[in-house]
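What follows is a short report on a single structure.
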Protein chains: 2
Amino acid sequence: MNEEIIEKLKQAIDPEKLKTDAATLQERRRDYSAPNELADLQGRGAPNPACVVQPENTRDVVKVVNVCRENKALLVPFGLGSGVCTGIVATPETILLDMSSMNRILSIDKHNLMATFEAGVRGSDAENALAKEGLTTGHYPQSIDLSTVGGWVSTRASGQFSSAYGNIEDVVMGLEVVLPNGEVLETRLTPRAAAGPDLKHIFMGSEGTMGIITAVTFSLRWKAEKQNYTAFYAATMEQGFELQRYIIQSGWMPPVMRQYDTTETKGKFEDCARGEDCIIIMVHEGPAARVDAEIKACQTLAKELNCDQAPVKTVTDWLEVRNHVGGFTEFLKRNITLDTIEIAATWDRIGPIYNNAIASLMEVDGMLSAAAHSSHCYRSGINLYFTFVAQVDDPSKMDATYEDCWRRVMQATIEGGGGIAHHHGIGRVRRDYMSAEIGASGVNLLRSLKKTLDPANILNPEVLIPHE
Amino acid sequence: MNEEIIEKLKQAIDPEKLKTDAATLQERRRDYSAPNELADLQGRGAPNPACVVQPENTRDVVKVVNVCRENKALLVPFGLGSGVCTGIVATPETILLDMSSMNRILSIDKHNLMATFEAGVRGSDAENALAKEGLTTGHYPQSIDLSTVGGWVSTRASGQFSSAYGNIEDVVMGLEVVLPNGEVLETRLTPRAAAGPDLKHIFMGSEGTMGIITAVTFSLRWKAEKQNYTAFYAATMEQGFELQRYIIQSGWMPPVMRQYDTTETKGKFEDCARGEDCIIIMVHEGPAARVDAEIKACQTLAKELNCDQAPVKTVTDWLEVRNHVGGFTEFLKRNITLDTIEIAATWDRIGPIYNNAIASLMEVDGMLSAAAHSSHCYRSGINLYFTFVAQVDDPSKMDATYEDCWRRVMQATIEGGGGIAHHHGIGRVRRDYMSAEIGASGVNLLRSLKKTLDPANILNPEVLIPHE
């Protein structure tokens, strides 16, 4: 069966673009998630896909989609594999569509502040090309060196500067998408439209289930005239949340506001930690006069809330290490299971969710550390980014402990009325919590969308949508 | 047939909520569009619907949807009828769902800056209730006194202060929607999520074709600390666009920036017009220090571009009359056809579209005035709001001249690479231009969505989606 499809693919596109060598297959079997890493270590990792196709352009993608649809072959798009939600797990029958082969910068337009990239352009390559012109997308996920612009759209990513510049849906102006029926959807490059539902949104966050994103157009910004920093201590998480709430609800928009709980503060800011205090760090950017006004306002609000200023070294330290992505492997080898889980909630709900999730994680046998920080702030609420680290006595319990930790955070979030996913996506790891997030009718609607767009169910079928 | 369905509706909901009196039917036959007005004047206006149902709550809507689906009866949701795209035209078989009967303010939450309204709440009622608490949605369409919050979502409306506060999609946090299958979709009230496609977007701009919006939750703002004004002259539209582009691309965000061409400047600002100059008016809002910094920056940029300051009386004059909606009737009676048409485009395209559309309109026999202003500004482009007024010698040519004017603006926009609709929506008047906007594959995708959600094709079937 595989050989037949590979033969057909070779007839449809340049056979050079189709790889079956072990190294290529091996590298693109799976994403970067902890369960995938653990499975590898335990010798039950994701198998190699049937083949890896490296399309050169949108026409190639259309041809591959057509062959896969006509032959009911599984097709899984892959960017650079930095996903952490087990969104990519190959099977021996999977055709792996390696989008990182489509990595051209198609246009940079300084007059209109727009740029179009093929979906497989690495985030940092996109940013570097823009930086040469004094431009930026304003979107800087931690994975910027490890992820593609298409992956950002596909997973509904957030950047570290989102509190002012918005999330991926706020900076993307247009998409080109190959639909499962082989048609190419190219959304019009207009700054805004009231022309029916915004079709981009069917694909933003669809994690490869609804179509193959082949190009992304951003609405850009000039690099900010001025960047400056502030940092504050808060006696409790609640006090820190109040400070952030006051700032953003007053109409100020520091692009970065991050609040670390006591555990993280002690771990990340050794030099600057003060007793049991939390630390909140802020980056202010924009026209110089606005930055100055914003800093003054934030300092005044902090004073009103009895939050002392902390050294701005905390901010510059963070800026330096902010894109370091820690590996799971060394921990997993020592029978330590760990992960990060990001959620979001309105201001009144975030405190209880934080307390309940941490308390529940701490009940897990072998829990070494359960902590959180916030990193994305909105007028109506904020996110939390939990990290858990638990040592397991028996390696065979690694998966169960991992799932138990996830379940505890999901449960605290759902019971507390929060949203189960802020910016990593759903993949497999959150899939079965989706009905709590969007309700039975929402899940039905997603299933209907999937059936309509992809009736053969060939596109990354195991993620996002719970089984019926 | 009608009697049978009316009977079934009366069994499903309180018969008091079902109206068949002539006055109620007459009032809710159609929206406010020029073609509907003209048809009325010419004695060929939209007929009364079969009945008007005034649901009291979401359960009522579910029951009505179920009866209509099971009996394949046309169901058209209606807010306050202020639409201008011929989105509502009853037939004698239409069940008219009068959502203005669901007009409760469900919650106002000052801590989280959120408020939930039933879909039929009048815009100004929502704003007034919020204003009592010092709050605002930041969304002020010209129709605010004549339209519902559900209508805003359904048509993807824009407010006059959108350049800072965003359009409806930027201020809506959650929706409740009754789907054509009778299920109720309630999106989670989380500030942001990466949990699959944002399902709200299927209904925002769907103009009653995909579901019935029953409640809308906004993310609010506090009323701004300070409001102040600036105004400038520009020798040409191009010069004015450059000023707006410089301001917004520098990172400043005056919520209001409106630029009137020579014709409109002379017409609207008699006292302040200067030769053939355009006038650009701006409202600055926010924390006082930021407003002051923004005004200074705008004045500096204007100086650099040789745009003199104009009297701020232009701004206060506009603020006073901004929600006056002129009627068509007196003009139509005198054989004058007229309308407004809003489009959008990137900065490099807007000038040529303006010139070509105006030139093309001026070629129409009997054209009295063709003019435009801009009112919504983005980093990558801007909108234009055209007004045409043409006197027709023979009343039987009114429709043809009207359609010709529309065709000319649509053609100039499409050929110029712009977007055909900025914020009024599609309705019937733009429906057959949709394939130029979203392509054949986009239209196919819309059709698929419609078939999936509403297989019986009962919900407002003649709008938005071109016939196959």
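Key figures
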{"quantity": "Any hit, region A:53-74, residues being modelled with pLDDT of 95 or more and under 30 Å from B:Q244 (Cα atoms)", "calculated": "no"}
{"quantity": "Pair list, Cβ under 6 Å, 6 or more apart: region B:146-160 residue farther than 15 Å from A:P197 by Cα and within 14 Å of another protein chain (Cβ to nearest Cβ), other residue of a type in the set (G, A, S) and surrounded by fewer than 24 Cβ atoms within 10 Å (Cβ to Cβ)", "calculated": "B:S147/B:S82"}
{"quantity": "So A:I336, is it modelled with pLDDT of 95 or more and surrounded by 21 or more Cβ atoms within 10 Å (Cβ to Cβ)", "calculated": "no"}
{"quantity": "Residues (touching a residue at least 60 places away in the same chain (Cβ under 8 Å), facing chain A (nearest Cβ under 7 Å) and crowded, with 21+ Cβ neighbours inside 10 Å) located in region B:182-209", "calculated": "B:L189, B:I202, B:G205, B:S206"}
{"quantity": "Residue that is farthest from the other protein chains (Cβ to nearest Cβ), among those in region B:444-464 that are within 21 Å of B:E70 (Cα to Cα) and in a loop (DSSP other than H, G, I, E, B)", "calculated": "B:I458"}
{"quantity": "Scope region B:433-468; condition aliphatic (A, V, I, L, M), more than 24 Å from B:I212 (Cβ to Cβ) and in contact (Cβ under 8 Å) with a residue 24 or more places away in the chain; matching residues", "calculated": "B:A436"}
{"quantity": "Neighbours by Cβ (under 6 Å, 6+ apart or cross-chain): first from region B:418-432, more than 7 Å from every other protein chain (Cβ to nearest Cβ); second assigned to a loop (DSSP other than H, G, I, E, B) and of a type in the set (V, I, T)", "calculated": "B:G427/B:T86; B:G427/B:V463; B:R428/B:T86; B:R428/B:V463; B:V429/B:T86; B:R430/B:I420"}
{"quantity": "Filtered residue count, region B:221-238, keeping only those that are over 30 Å from B:A131 (Cβ atoms) and surrounded by fewer than 19 Cβ atoms within 10 Å (Cβ to Cβ)", "calculated": "3"}
{"quantity": "Residue list for region A:222-235, filter: over 26 Å from the mean Cα position of the chain (by Cα) and not in a strand (DSSP E or B)", "calculated": "A:E225, A:A235"}
{"quantity": "Pairs with Cβ under 7 Å, 6+ apart, first in region B:83-104 and more than 21 Å from B:N457 (Cβ to Cβ), second part of a loop (DSSP other than H, G, I, E, B) and hydroxyl-bearing (S, T, Y)", "calculated": "B:V84/B:Y32; B:V84/B:S33"}
{"quantity": "Selection from region A:362-392 of residues that are of a type outside the set (A, V, I, L, M, F, W, C), in contact with a helix residue (DSSP H, G or I) (Cβ under 7 Å, 6 or more places away or on another chain), more than 14 Å from chain B (Cβ to nearest Cβ) and closer than 19 Å to A:I414 by Cα", "calculated": "A:H373"}
{"quantity": "Residues located in region B:254-294, provided they are within 14 Å of chain A (Cβ to nearest Cβ) and either surrounded by 18 or more Cβ atoms within 10 Å (Cβ to Cβ) or in a loop (DSSP other than H, G, I, E, B) (or both)", "calculated": "B:P254, B:P255, B:M257, B:H284, B:E285, B:G286, B:P287, B:A289, B:R290, B:V291, B:A293, B:E294"}
{"quantity": "Filter result for the condition that a residue is surrounded by fewer than 23 Cβ atoms within 10 Å (Cβ to Cβ), under 24 Å from A:G87 (Cβ atoms) and more than 12 Å from every other protein chain (Cβ to nearest Cβ), over A:E133, A:E127", "calculated": "A:E127"}
{"quantity": "Hey, B:E437 within 7 Å of chain A (Cβ to nearest Cβ) and either touching a Leu at 6+ places or on another chain (Cβ under 9 Å) or not in a loop (DSSP other than H, G, I, E, B) (or both) or not", "calculated": "yes"}
{"quantity": "Residue tally, condition at the interface with chain A (Cβ under 10 Å from one of its Cβ atoms), farther than 22 Å from B:T214 by Cβ and surrounded by 24 or more Cβ atoms within 10 Å (Cβ to Cβ), over region B:161-179", "calculated": "1"}
{"quantity": "Within region B:29-51, tally of residues that are assigned to a helix (DSSP H, G or I) and either more than 16 Å from B:T91 (Cβ to Cβ) or of a type outside the set (G, A, S) (or both)", "calculated": "7"}
{"quantity": "Residue list for region A:64-73, filter: surrounded by 22 or more Cβ atoms within 10 Å (Cβ to Cβ) and either closer than 18 Å to A:R428 by Cα or of a type outside the set (A, V, I, L, M, F, W, C) (or both)", "calculated": "none"}
{"quantity": "Residue list for region A:236-253, filter: in a loop (DSSP other than H, G, I, E, B) and of a type in the set (A, V, I, L, M)", "calculated": "A:M253"}
{"quantity": "Out of B:I212, B:I248, sole residue that is touching a strand residue (DSSP E or B) at 6+ places or on another chain (Cβ under 8 Å), more than 24 Å from B:E320 (Cβ to Cβ) and either surrounded by fewer than 21 Cβ atoms within 10 Å (Cβ to Cβ) or assigned by TED's automatic domain parsing to the domain that holds B:T137 (or both)", "calculated": "B:I212"}
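Rundown of residues vs (1) touching a strand residue (DSSP E or B) at 6+ places or on another chain (Cβ under 9 Å); (2) under 22 Å from B:D348 (Cβ atoms); (3) in the same structural domain as A:P255 (by TED's automatic domain parsing), yes/no style:
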position	(1), (2), (3)
A:S124	no, no, no
A:E133	yes, yes, no
A:T136	yes, yes, no
A:S158	yes, no, no
A:N167	no, no, no
A:P191	yes, yes, no
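Residue by residue, here is whether (1) more than 29 Å from the chain's Cα centre (by Cα); (2) outside the structural domain of B:T116 (by TED's automatic domain parsing); (3) crowded, with 16+ Cβ neighbours inside 10 Å holds:
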| site | (1), (2), (3) |
| --- | --- |
| B:I6 | yes, yes, yes |
| B:D21 | yes, yes, no |
| B:Y32 | no, yes, yes |
| B:P35 | no, yes, yes |
| B:V53 | no, yes, yes |
| B:V61 | no, yes, yes |
| B:P77 | no, yes, yes |
| B:S82 | no, yes, yes |
| B:G87 | no, yes, yes |
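The values are calculated or read from the model by the stated rules, or taken from the named source; none is laboratory data. Note that this is a predicted model, so its numbers are computed, not measured. We place every Cβ from the backbone using ideal geometry, glycine too, and count neighbours over all the protein chains shown.
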